[in-house]
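What follows is a single structure, written as structure tokens, with notes after it.
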Amino acid sequence: MEKQTLTSLLQITHPVIMAPMFLVSNTQMVIEGMKSGVAGCIPALNYRTLAELQASIQTLKASKVAGGSFGYNLIVNKSNVKYKEQLRILCEEGVDFIITSLGSPEETIREAHKVGIKVFCDVTDVAFAQKVEQLGADAIIAVNNLAGGHRGNLDPKTLIKAINEHTSLPVISAGGVGCKADLVAMLNYGAVGVSVGSPFIASIESGVSQEYKQACVDYTAKDIVMTERISGTPCTVINTPYVQKVGTKQTALETFLNKNKIFKKWVKMIRFYIGMKATEKAATQVTYKNVWVAGPSIDNTKAILPVAKIVEQLVA
């Protein structure tokens, strides 16, 4: 059975979601993306308060144009203490879609579907893809080993093919798309669309520091490394001098605590909070502690450009 395309699922012109990026994504980026015919997504955690989250939804609803779409990303595990209230706001205000990450999407799917909101779920393997299909997800975000931030372990072709063979849900590929040729490759592998993040970090509209944006221009795919020292979960970052100095592996104490059944949950929550605070400082302030999250698709980033121009390079 032919799977529904991303353009049909979200009523957009091009099969592209501007991926939700912690600290990077904002309403201005999404508005420009919608004007260019793609979907945009913002992490709910980018907003400190529920009132700010609500205001952002209202801004996007007022700015929505034909051919564009908007949604929000929810962290659905216990590390996000705001999850339930964020979900309530999204459902009350009304958004086009929600992307779930790092936990069970069961409650999100149930509540979102009551008000006609589609739910796409981040997965990195077939087993979880099958679970979210059973829970009623509308599509799968297949996070491969070329994604920025928290990535998967499988290459795009292998992951897309495996999920297509074992589920009936549309597959949206996340990771490794920095130009039109990459997008076409993912579609040829069997994806119905793509989720693109790192190329938009160096957009004029993104809210991070000029230094972070310029780093995405100056560094290449060879400079992307995996670190365990931000959130406790392996994460891809630019290999800045500071990252080289502190190393990318957990200390012996961190490893012990993460394996201890008693301490594991609390250590993970504390580590996630500390890591996100450190990332926030590096992303928004001039500091020698530069921990800049990005994926290898920055290889195609040659200049700081408007969102509209980046979309054009992906789909023209």
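Each reported figure results from applying straightforward, stated rules to the coordinates on display, with no laboratory input. Keep in mind it's a predicted model, so treat the numbers as computed, not measured. Neighbour counts are summed over all protein chains in view; Cβ atoms, including those assigned to glycine, are modelled from backbone coordinates with ideal geometry.
Some points to look at:
- Once the chain from GLN244 to ASN77 is taken as fully extended at 0.36 nm per residue, the excess over their C-alpha distance is 57.1 nm.
- When each of the peptides 54-63, 199-208 is scored by how many other beta carbons lie within 10 Å of its residues on average, the order from highest to lowest is 199-208, 54-63.
- When the square roots of the Cα gyration tensor eigenvalues are ordered a ≥ b ≥ c, the ratio a/c for the range 153-201 is 1.5 or more and a/b exceeds b/c, which makes its shape prolate.
- The range 1-119 shape via C-alpha gyration tensor axes, a/c threshold 1.5: oblate
- Label-to-label distance, VAL225 versus ALA66, with points set 7 angstrom from Cα along the beta-carbon direction: 5.1 nm.
- At full extension, ASP155 and GLN214 could sit 18.5 nm farther apart than now, given 0.36 nm per residue minus the alpha carbon distance.
- Aspartates and glutamates whose Cα lies under 20 Å from that of LYS161, excluding same-chain neighbours fewer than 8 positions away: GLU2, ASP122, ASP125, GLU133, ASP138, ASP182
- When each of the peptides 7-19, 106-118 is scored by the mean number of other C-beta atoms lying within 10 Å of its residues, the order from highest to lowest reads 7-19, 106-118.
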